[in-house]
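Engineer: Mind looking over this structure? Questions follow.
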There are 2 protein chains.
Amino acid sequence: MKLATLHDGSRDGRLVIVSTDLSRAVHAGDCAPTMQVAIERWDNVVGELQQRYVALNKNQLEDAFDFDVSQAMAPLPRAWQWLDGSCFLNHGELMQKAFHLDPIADADTIPLMYQGAGDDFLGSRDDIRLPSEAHGIDFEGEFAVLVDEVSMGCSTAQAMEHVKLILQLNDISLRALAPREMKTGFGFVQSKATTSFAPVAVTPDELGAAWSNARINLPLKVEWNGKWFGHPHGGEMNFGFDELIAHAALTRKLSAGTLIGSGTVSNADRAAGSACISERRAIEMIEHGAPKTEFMKFGDSIRMQALLPDDAELFGSIDQKVVNASIK
Amino acid sequence: MKLATLHDGSRDGRLVIVSTDLSRAVHAGDCAPTMQVAIERWDNVVGELQQRYVALNKNQLEDAFDFDVSQAMAPLPRAWQWLDGSCFLNHGELMQKAFHLDPIADADTIPLMYQGAGDDFLGSRDDIRLPSEAHGIDFEGEFAVLVDEVSMGCSTAQAMEHVKLILQLNDISLRALAPREMKTGFGFVQSKATTSFAPVAVTPDELGAAWSNARINLPLKVEWNGKWFGHPHGGEMNFGFDELIAHAALTRKLSAGTLIGSGTVSNADRAAGSACISERRAIEMIEHGAPKTEFMKFGDSIRMQALLPDDAELFGSIDQKVVNASIK
């Protein structure tokens, strides 16, 4: 099943079911007016939503309409909790090598994770409004899972049953602000701007065999200003989402609607390219002694798509521009 | 004006107006069924709420009822964004001295702040359910402000008009888990458990002269297992809440209902005691070479009250126990 949220003037929008080919949609109905309500009542509503999804795909619903991606908000327009991992260790190792950083202790056995701001996500076509190019504007292509309520102390084995939906996102990052914040030990506040999401969230069965080992085993195609930037594969994630959920739930329950991200997708094979600029710059520093690629400028565009084996877009695409927030 | 949220079976509870002496309450009504709705529509609803508050204090409302603090949730039971500062530098300096840590660069000019989990706050009488005493269970007495929507780039001068309510909280912390998380640079996930709040949020005018210089100039009385632990004064905060708001809004807007905390209240005068155990332990390490005070055990109680000059409880009190989460 595929779900999206359309603008209706409210902060939480209106939940719709989207056809597999992303062409048609239908309102989810009173049982689940918003994504947050759907995830809070998941077991009670999934049957009805699934029935309508099947009928939508068969073109049997008279109240269906064309799915207009430009009207879609983030599938969950705001989250009560947004936790983001950094679980492709290749990325961290490149950064350490380039910047001569000390390795993070236990990074191969305990997942890195930060608490993010979930109060205001962007849709896939929304402009990324930022105040300064000097902040080092970067994208980060990631996958995420949306869970229903997870009890404190949930085990890795129990974690998988809580994964209800899978999403794809752009974790917009401000690289010039991050080193100072990391040095404090307090994590990211100014250096993580608003996060944007591909238009459609999908149930795990939509991935078929690509949902295995608690990972999204698909390439994430990233284009910057219309040019190939990378197509790293999600299967190389060093921790599964089951491990991320158990990690986050060690000392507290996770409320229904908690989003957990993978961190920027990154592969050891250099031919796969990267899903963020800072990683390409790190590779340039390692190979040439200095970075050649600059960060994003106002007016730049970023496009991301996770592709199924038949090249179909699983989540739709992220396709957005960076704009100068000081120009109204 | 004083506001609280009563349990009604929902996650967001029902907003009530509470009398100045905390004895009586009345439902806020349809204009503001929940605290989140109230803060999102603040300018449109504050007049009506304020009128009812005046009438409640004059005992003129037939639908008023006794305010039962045991039925109160956190004033905002969950927050779309919870940002917590560490803005009493005396606290950080004691920790650095005790643990021989390097000083944090620019700590006196840029406020320390982390992104916290706001999905599930505790009320003032709720048990603090935790899985292990070995995690180093600690309290942290703090103040916080609740803001309406703050635009990206908001200045310190503009910030004050966004402060609509003031709260008092216990930022429950797990000290054995924090050093590893801080070393990663990614901030706190496992080491910050659910945060609890005093029952009543108040508008700044309730503080009278104690709300000045963007600080809460009141002592916070802390009792652990019924014994005095400290009464540090909020006026010694090294950054004002105006500076915290501007800091947080540098690269993104803050949605209405963002909560911003002060960090544990801490005074240079040792006679003021402390608002968290880790600080007392740091003082013991500095003075005696080793900590003497242990962290909290299951069954321990913690009580916090901010007192007005006439000794009235401004926010009501936090009065809760730590319990073993593995015992149902």
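The values are calculated or read from the model by the stated rules, or taken from the named source; none is laboratory data. Just so we're clear, the structure is a prediction, and the values are computed from it rather than from any experiment. Methodologically, a virtual Cβ is constructed for each residue, glycine included, from the backbone with ideal geometry; neighbour enumeration extends over all protein chains shown. For accessibility, only protein heavy atoms count, side chains too; no ligands or nucleic acids. Shrake-Rupley method; radii C 1.70, N 1.55, O 1.52, S 1.80 Å.
Engineer: Quick check on residue A:248: is it under 22 Å from the mean Cα position of the chain (by Cα), within 17 Å of residue A:214 (Cα to Cα) and among the small types (Gly, Ala, Ser)? Quick ask: steps written out before the conclusion?
Structural biologist: Working: under 22 Å from the mean Cα position of the chain (by Cα): yes; within 17 Å of residue A:214 (Cα to Cα): yes; among the small types (Gly, Ala, Ser): yes.
Yes.
Engineer: Quick check on this structure: which one of B:79, B:105, B:4, B:38 is hydrophobic (A, V, I, L, M, F, W, C) and in contact with an Asp or Glu (Cβ under 9 Å, 6 or more places away or on another chain)? Break it down into steps so the answer makes sense when it comes.
Structural biologist: On the way: B:105 fails: in contact with an Asp or Glu (Cβ under 9 Å, 6 or more places away or on another chain); B:4 fails: in contact with an Asp or Glu (Cβ under 9 Å, 6 or more places away or on another chain); B:38 fails: in contact with an Asp or Glu (Cβ under 9 Å, 6 or more places away or on another chain).
Unique residue meeting the criteria: B:79.
Engineer: Quick one: residue B:218 ticks every box in (1) away from chain A (no Cβ under 13 Å); (2) open to solvent by 10 Å² or more (accessible area, probe 1.4 Å) except a single one, so which number is it?
Structural biologist: Answer for residue B:218: the failing condition is (2).
Engineer: Same structure, new question: Got a sec? Which of B:101, B:56 is within 14 Å of another protein chain (Cβ to nearest Cβ) and either part of a strand (DSSP E or B) or more than 21 Å from residue B:218 (Cβ to Cβ) (or both)?
Structural biologist: Values: B:56 fails: within 14 Å of another protein chain (Cβ to nearest Cβ).
Among B:101, B:56, only B:101 is within 14 Å of another protein chain (Cβ to nearest Cβ) and either part of a strand (DSSP E or B) or more than 21 Å from residue B:218 (Cβ to Cβ) (or both).
Engineer: Condition first: of a type in the set (Val, Ile, Thr), over 18 Å from residue B:301 (Cβ atoms) and in contact with a strand residue (DSSP E or B) (Cβ under 6 Å, 6 or more places away or on another chain). Now tell me which residues in region B:133-192 satisfy that.
Structural biologist: Applying the first criterion (of a type in the set (Val, Ile, Thr)) to region B:133-192 yields B:137, B:145, B:147, B:150, B:156, B:163, B:166, B:172, B:184, B:189.
Now narrow it down to the ones that are over 18 Å from residue B:301 (Cβ atoms): B:145, B:147, B:150, B:156, B:163, B:166, B:184, B:189.
Answer for region B:133-192, where residues must be of a type in the set (Val, Ile, Thr), over 18 Å from residue B:301 (Cβ atoms) and in contact with a strand residue (DSSP E or B) (Cβ under 6 Å, 6 or more places away or on another chain): B:145, B:147, B:150, B:163, B:166, B:189.
Engineer: Out of all the residues in region A:309-328, which are within 22 Å of the chain's Cα centre (by Cα) and aliphatic (A, V, I, L, M)? Steps first, please.
Structural biologist: Taking region A:309-328 and keeping what is within 22 Å of the chain's Cα centre (by Cα), we get A:309-323.
Residues satisfying the conditions are A:312, A:314, A:318, A:322, A:323.
Engineer: Please go through (1) away from chain B (no Cβ under 14 Å); (2) in a strand (DSSP E or B) for residue A:199 and return the number of the only condition it doesn't satisfy.
Structural biologist: (2)
Engineer: Which residue, of A:171, A:242, is within 14 Å of another protein chain (Cβ to nearest Cβ) and closer than 30 Å to residue B:176 by Cβ? Write out each step before concluding.
Structural biologist: Numbers: A:242 fails: within 14 Å of another protein chain (Cβ to nearest Cβ).
After ruling out the rest, the residue left standing is A:171.
Engineer: From A:29, A:85, which residue is in contact with an Asp or Glu (Cβ under 9 Å, 6 or more places away or on another chain), surrounded by 14 or more Cβ atoms within 10 Å (Cβ to Cβ) and farther than 28 Å from residue A:247 by Cβ?
Structural biologist: Working: A:85 fails: farther than 28 Å from residue A:247 by Cβ.
None of the other options fit; the residue is A:29.
Engineer: Criterion first (under 30 Å from residue A:194 (Cβ atoms) and touching a Phe, Trp or Tyr at 6+ places or on another chain (Cβ under 6 Å)) does residue B:191 satisfy it? Show your work before the answer.
Structural biologist: On the way: under 30 Å from residue A:194 (Cβ atoms): yes; touching a Phe, Trp or Tyr at 6+ places or on another chain (Cβ under 6 Å): no.
Criteria not met by residue B:191.
Engineer: Among the candidates A:115, A:96, single out the residue that is within 13 Å of chain B (Cβ to nearest Cβ), under 30 Å from residue A:176 (Cβ atoms) and without any contact (Cβ under 8 Å) to a residue 60 or more places away in the chain. Please lay out each step first, then the result.
Structural biologist: On the way: A:115 fails: without any contact (Cβ under 8 Å) to a residue 60 or more places away in the chain.
Sole residue among the options that is within 13 Å of chain B (Cβ to nearest Cβ), under 30 Å from residue A:176 (Cβ atoms) and without any contact (Cβ under 8 Å) to a residue 60 or more places away in the chain: A:96.
Engineer: A further question follows. Any idea how many residues of region B:1-24 are open to solvent by 10 Å² or more (accessible area, probe 1.4 Å) and either at positive phi or outside the structural domain of residue B:61 (by TED's automatic domain parsing) (or both)?
Structural biologist: From region B:1-24, those open to solvent by 10 Å² or more (accessible area, probe 1.4 Å) are B:6-12, B:14, B:20-24; that's our starting set.
Subsequent filtering for residues that are either at positive phi or outside the structural domain of residue B:61 (by TED's automatic domain parsing) (or both) retains B:9, B:22.
Residues flagged as open to solvent by 10 Å² or more (accessible area, probe 1.4 Å) and either at positive phi or outside the structural domain of residue B:61 (by TED's automatic domain parsing) (or both) within region B:1-24 amount to 2.
Engineer: Inside region B:251-270, can you point out the residues that are within 12 Å of another protein chain (Cβ to nearest Cβ), under 17 Å from the mean Cα position of the chain (by Cα) and outside any loop (DSSP other than H, G, I, E, B)?
Structural biologist: First, the residues of region B:251-270 that are within 12 Å of another protein chain (Cβ to nearest Cβ): B:251-260, B:263.
Cutting the leftovers down to under 17 Å from the mean Cα position of the chain (by Cα) gives us B:257-260, B:263.
Hits for region B:251-270 are B:258, B:259, B:260.
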